[in-house]
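K.L.:
Next up is a structure, given as structure tokens.
What follows is calculated from the coordinates using simple rules that are stated; it is not laboratory data. This is a predicted model, so every value here is computed, not measured. Note: ideal-geometry Cβ built from the backbone for every residue, glycine included; neighbour counts use all protein chains shown.
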Amino acid sequence: MEVLDLARWQFGITTVYHFFFVPLTIGLSVLVAGMQTAWWRTGDERWLRLTKFFGKLFLINFAMGIATGIVQEFQFGMNWSDYSRFVGDIFGAPLAIEGLLAFFLESTFLGLWIFGWDRLKPGLHLACLWIAALGTVLSAYFILAANSFMQNPVGYTFNAEKNRAELTDFGAVMTNKVLLATFPHQIVGCFMVAGAFVAGVALWQMMRHPDRDASTFQPAFRLGAVVLLVAGLGTMITGDFQGKVMTEVQPMKMAAAEGLYDDAAPAPFSLLTVGTLDGSEEVFKLEIPKLLSFLGTGTFDGEVRGIDSLQAEYEQKYGPGDYAPNVPVTYWTFRAMITAGGLAMLAGAAMLWSTRGGRTPSSRWMLRAAIVLPLLPMAANSFGWIFTEMGRQPWVVFGLMPTASGVSPSTSVAEVATSLAAFTALYGVLAVIEVRLLLRYIGKGLPELDPPRDRDDIDAPLAFAY
Amino acid sequence: MDLTTFWFILIAVLWVGYLVLEGFDFGVGMLMAVLAKDDRERRVLLNTIGPVWDGNEVWLIVAGGATFAAFPEWYATMFSGFYLPRLLILIALIVRIIGIEFRSKRDDAAWRRRCDTAIVIGSVVPAVLWGVALANIVRGVPIDADKEYVGGLLDLLNPYGLLGGLVTLSVFLVHGAFFVGLKTEGPIRERAIELGVRAGVVAAALTTLFVVWTAVRDGGTAVWILGALVLVAFVLGLLSAVARLDGWAFTGTSVAIGLLVVMLFAALFPDVMVSSLDPLWSLTTTNAASTPYTLRIMSWVALAFTPIVVLYQGWSYWVFRRRIGVQHIPV
């Protein structure tokens, strides 16, 4: 393997892994803040116990997010130094702003929330969590601004003398149409993860321990399931919008997502293809007529470009080369994303139905579904991003810089191989620790509330301590 | 002032913030190995930094992001060039975070011992390597005409670089001890200050050697003055500790670390990375910088938000200002 392959594997592994934790952090910070708000407004202690229970799970997850997040900030420079030199004038700004505006908010106010139960007045303490939640959402906006530039470079000019892209319009970068489509899609995607997590954990508790706090988990389950379904609808609407933007600015990605080789008007949506995807042989396929035209262009007869004609056009424009991404990966990750998200919604709806009127379901299938449920939107998020990033290939910045040109020229195979092996091994160990801890705390159930303490007692134990 | 100079100063400020704040986090982490006698005392130590360590670490993330935005060439050369040390730092920071966050999540002595090891290693390794890295940036490393690092790992392990690593290691240990002296009560506070003073003598000797070496290499008056101030602040901190003035002791080490960073950046300016092969190949605030347009936008963002960050981070320190003793650790 060459440095390029190793660096790509490392970026893929570390980023996909990091992103297991991010959507849950973003969505769950808001849901836990909502639970605490319900307690603050009603005084109903069930919500306080739920806040503490899901808050603890949230923090276990958050710790993994920050631990794996530091790598993200630095591996551009380590493995992709030529990329960093080429785009730094544009790409660095949203990263720096993300740190300054979002990460400081998140870290400081979460610290205040975790340790501040007995130090801050209840309203102020609650506000700290909402501010931290705002920080997580802000961070999504800025990092997506950086990524959207890679998908659809705007607001720049190419400086041939310095061989780099230079910022000319910051506003254009921050209102990139890919960003405006991706941000809402990502945020509702985060809420699907958090909703499914809360619903799955709560339903499991209700079914597994019906005589332990089932009536407290009931409203948590409903909250999670409703959030999952509403956010699921949100991903469909925003995804539709995003698909149209993608067809416009990255038609090759859409063509690859469909395995569509020839221009078609109207174009069908391929549900399933059995056979070879390089177009040489098709054994069996199932498709819905005209749907792709609608998804891509908004009309049932719109033309969707195919891989072959785009390849010819790009060769004219950029010179000889292969401009199609890996078609099987793009084709299947696109479908896997939709399938996983759709299954999560179906399962959530079935669970809501089975708990109508205060019922508690008892079938073994429902118990299994509750366990699998949180994994489905998480998988949908991962597949969606693998699709987005693999579909951009062979470019690291679409139309401007091929991925192969971005890799660090001075870095050796041994160095990248070492770091790839080290991160993979470390992340593997951390995964085991993380899952065990989560299961352990889920299994424990709701915590008992401490008796109210005298705030002036300076020798009283801390409300929370490491 | 030139925008590139302004950003050079701002990045220096971010490093000052990072190393002053995370410096005592690292120090407290190292003290887990030597100062605490039992699990409750270890938890006292850990909880002195509990609410704040994560916010402290963000200074590094922002310093990295700001370097990327303002001096992309610097960011690219530094991180791809110092590849293996950087990898070690990242792994150490990850391991430390997991140790801090997950230690008390299980009531199991073997688990907690493993987490303690993680915290100690995760504190020692970056404390040494940041010093090695900063010293080498100032000293100069093999950088070619294309701004690429062409040396190996051994090029970084020269006497000056290693001394820099020992200085940050020992100074952070003292800084952490004085922080514990300020934030705890009971016997552990006494032991922390005593240990801090004893280690402080070694740290002062190492720092003196390093400061003089840096000033002689540089030859500039500013570096000599800054170096002298580093030593004055550090010694005053030590004397305050002997007099049991906890606040002044910690202030002394904080100012000393801040000035040490300022001294190194002053010695560096107007370069941002010195090439040991040919001075013409050094990266400078000019040839490594982003466009004036980007710098202008980033300046507005930084001027508007940095004071706000400092305010609310300061407030969080105020909220958790109480000293912690073993009686505060919940069972």
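K.L.:
Just counting partner chain Cβ atoms within 10 Å, what average do the residues of peptide B:319-325 show around their Cβ?
P.N.:
That average works out to 3.
K.L.:
Taking each full run of DSSP H in chain A as one helix, which ones are at least 30 Å long along their axis (Cα atoms) and have mean Kyte-Doolittle hydropathy of at least -0.5?
P.N.:
Both cut-offs are met by A:3-42, A:45-79, A:122-151, A:177-208, A:214-249, A:327-354, A:413-444.
K.L.:
Whole angstrom only: what separates the Cα centroid of the stretch A:117-138 from the Cα centroid of the stretch A:223-256?
P.N.:
That distance is 31 Å.
K.L.:
Kindly point out which whole DSSP H helices in chain B project their C-alpha atoms 27 angstrom or further along the helix axis while averaging a Kyte-Doolittle hydropathy of 1.6 or above.
P.N.:
Correct list, ordered by number: B:3-34, B:83-102, B:221-242, B:246-268.
K.L.:
Within 10 Å of each residue's Cβ, count the other Cβ atoms and sort A:Leu462, A:Leu291, B:Leu303 from fewest upward.
P.N.:
B:Leu303, A:Leu291, A:Leu462
K.L.:
While we're here: Say the cut-off is 23 Å between C-alpha atoms; which of A:Lys253/B:Lys147; A:Lys253/A:Lys290; A:Lys56/A:Lys121; A:Lys56/A:Lys444 go over it?
P.N.:
The pairs that break the limit, which is 23 Å between Cα atoms, are A:Lys253/B:Lys147.
K.L.:
Could you work out how far the C-alpha centroid of the stretch A:48-111 sits from that of the stretch B:228-265, in angstrom?
P.N.:
A separation of 32 Å, based on Cα centres.
K.L.:
Next question. Could you give log10 I(q)/I(0) at q = 0.08 Å⁻¹ for the stretch B:3-321, computed by the Debye formula over C-alpha point scatterers of equal weight, without solvent?
P.N.:
Ignoring solvent entirely, the Cα scatterers give -0.36.
K.L.:
With a 10 Å Cβ neighbour count serving as the proxy for reagent exposure, in which order, fewest first, do B:Asp25, A:Asp322, A:Asp263 appear?
P.N.:
Ascending Cβ contact count within 10 Å gives the list A:Asp322, A:Asp263, B:Asp25.
K.L.:
For every helix of n ≥ 4 consecutive DSSP H residues, a contribution of -39,500 (n - 2.57) applies; sum these over chain B, divide by its total residues, and give [θ] at 222 nm rounded to the nearest 500 deg cm²/dmol.
P.N.:
Dividing the helical sum by the residues of chain B leaves -26500 deg cm²/dmol.
K.L.:
Suppose R0 equals 25 Å. What FRET efficiency, 1/(1 + (r/R0)^6) with r the Cβ-Cβ distance, do A:Asn163 and B:Leu280 give to the nearest 0.05?
P.N.:
Using R0 = 25 Å, I get an efficiency of 0.85.
K.L.:
What is the mean projected area of the alpha carbon convex hull for the protein assembly as shown, to one decimal in square nanometres?
P.N.:
34.4
K.L.:
Let me ask something additional. From the alpha carbon gyration tensor of chain A, can you work out the equivalent ellipsoid semi-axes (sqrt of 5 times each eigenvalue) and give them in Å, largest to smallest?
P.N.:
41, 28, 20
K.L.:
Please sort A:157-164, B:182-189 by packing, taking for each peptide the average over its residues of neighbouring beta carbons within 10 angstrom, highest first.
P.N.:
B:182-189, A:157-164
K.L.:
Residue by residue through B:48-59, how many Cβ atoms from other chains fall within 10 Å of the Cβ on average?
P.N.:
6
K.L.:
Choose one answer from B:Val216, B:Val180, B:Val255: the residue with the largest mean-square fluctuation in a GNM of chain B with alpha-carbon springs under 10 Å.
P.N.:
Top of the fluctuation ranking is B:Val216.
K.L.:
What is the distance in Å between the Cα centroid of the stretch B:33-82 and that of the stretch A:340-419?
P.N.:
30
K.L.:
Return the average number of partner chain Cβ atoms within 10 angstrom of each residue Cβ along peptide A:55-64.
P.N.:
Taking the mean over all residues of the peptide, I get 2.
K.L.:
Which of the GluC sites (Glu not before Pro) found in the stretch A:1-83 are loop residues per DSSP with 11 or fewer other Cβ atoms within 10 Å of their Cβ?
P.N.:
Listed in order of number, the matching sites are A:Glu2.
K.L.:
May I pose another question? Just to be sure I understand: with springs between alpha-carbon atoms less than 10 Å apart, which residue in B:Gly122, B:Gly220, B:Gly81 has the highest mean-square fluctuation in the Gaussian network model of chain B?
P.N.:
Looking only at B:Gly122, B:Gly220, B:Gly81, the largest GNM fluctuation is found for B:Gly220.
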